[in-house]
1. Using the Kyte-Doolittle scale, which helices in the chain average at least -0.5 and also have C-alpha atoms spread 18 Å or more along the helix axis, with helices defined as whole DSSP H runs?
2. Highest mean first, how do 31-41, 145-155 rank when packing is the count of other Cβ atoms within 10 Å averaged over residues?
3. What value, in deg cm²/dmol to 500, does the helix sum -39500 (n - 2.57) over DSSP H runs of n ≥ 4 give at 222 nm once divided by the residues of the chain?
4. Normalised by the residues of the chain, what does the relative contact order come to in percent, with Cα pairs under 8 Å and at least six apart?
5. Based on the Cβ-Cβ distance from A191 to R64, what FRET efficiency comes out when R0 is 45 Å, to the nearest 0.05?
6. How many Lys pairs in the chain lie less than 15 angstrom apart by Cα atoms, where the lysines are 8 or more positions apart or on different chains?
7. In region 1-121, what percentage of the DSSP-assigned beta bridges are antiparallel, given to the nearest 5?
8. Kindly report the accessible area of the chain per residue (heavy atoms of protein chains, probe 1.4 Å, no ligands, DNA or RNA), in Å².
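The values are calculated or read from the model by the stated rules, or taken from the named source; none is laboratory data. The structure presented is a predicted model; accordingly, all values stated were derived computationally and were not measured. FYI the Cβ positions are ideal-geometry reconstructions off the backbone, even for glycines, and counts take in every protein chain you see. In case anyone asks, the SASA skips ligands and DNA or RNA and just uses the protein heavy atoms, side chains included. Shrake-Rupley method; radii C 1.70, N 1.55, O 1.52, S 1.80 Å.
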Amino acid sequence: MEKKEIVSKATVSRLPAYLRYLKGEAGKGVNFVSSAAIAADMGYSSVGVRKDLALVSSYPGKPRMGFEVKLLIADIERFLGYHGKTAAVVVGAGGLGRAILSYEGFENYGLEVIAAFDASPSKIGAWGGKPVYPMDRLPELVRRNGVRAGILTVPKESAQAACDEMVSAGISAVLNFAPVYLTVPEGVKVAYEDLAASLAALCGGAT
């Protein structure tokens, strides 16, 4: 889609939040919503919302009515590539890993977490209706299911070794929850999620 070339990273980062909001409105039976209403509910500027949505919407908003919710949802999902599901796995089946494995919200964004892996025999089995395999099964499952994304939830002292196994198995995108920076080959993307830092920043901003 050509619009992807002109949409800023900041706008792209806000699109999943718009999508979540719009799906909530659709669930309440709302058919049209204005950029001003979205901005008020989400705490954004109305000008910014209007510009963001104009870049990805295939139909302009109607005067005094706004955007048609279902069409805008479809446009955002199409832009973000949510029409085809992407398989992902969790490496580390501790408390956080199991919570992620059980979380159902990924499917709203075209993701399907299909399994978890762990080095501890005591964690092998199933959680949330999904299998937990030993680490030596990772290459086979990644290859068989075409997995390219992995969520890393191991302790920091194990993170680099686990990441190396993920990359060796064929995973090229890693969301890392361990509080440590990882070394990866060129072509492998890593995103870092530090829950403690995010909470501290939130609390700091609230003082």
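1. 9-27, 156-169
2. Per-residue mean Cβ counts within 10 Å order the peptides as 145-155, 31-41.
3. Numbers: 8 runs with 91 residues, N = 207.
Value at 222 nm, helices only: -13500 deg cm²/dmol.
4. Over the chain, the number comes to 13 percent.
5. About 0.65, to the nearest 0.05.
6. On the way: K3/K51; K4/K51; K9/K51; K23/K70; K28/K70; K51/K62; K62/K70.
Value for the chain: 7.
7. 35 percent
8. On the way: 11810 Å² over 207 residues.
Value for the chain: 57 Å² per residue.
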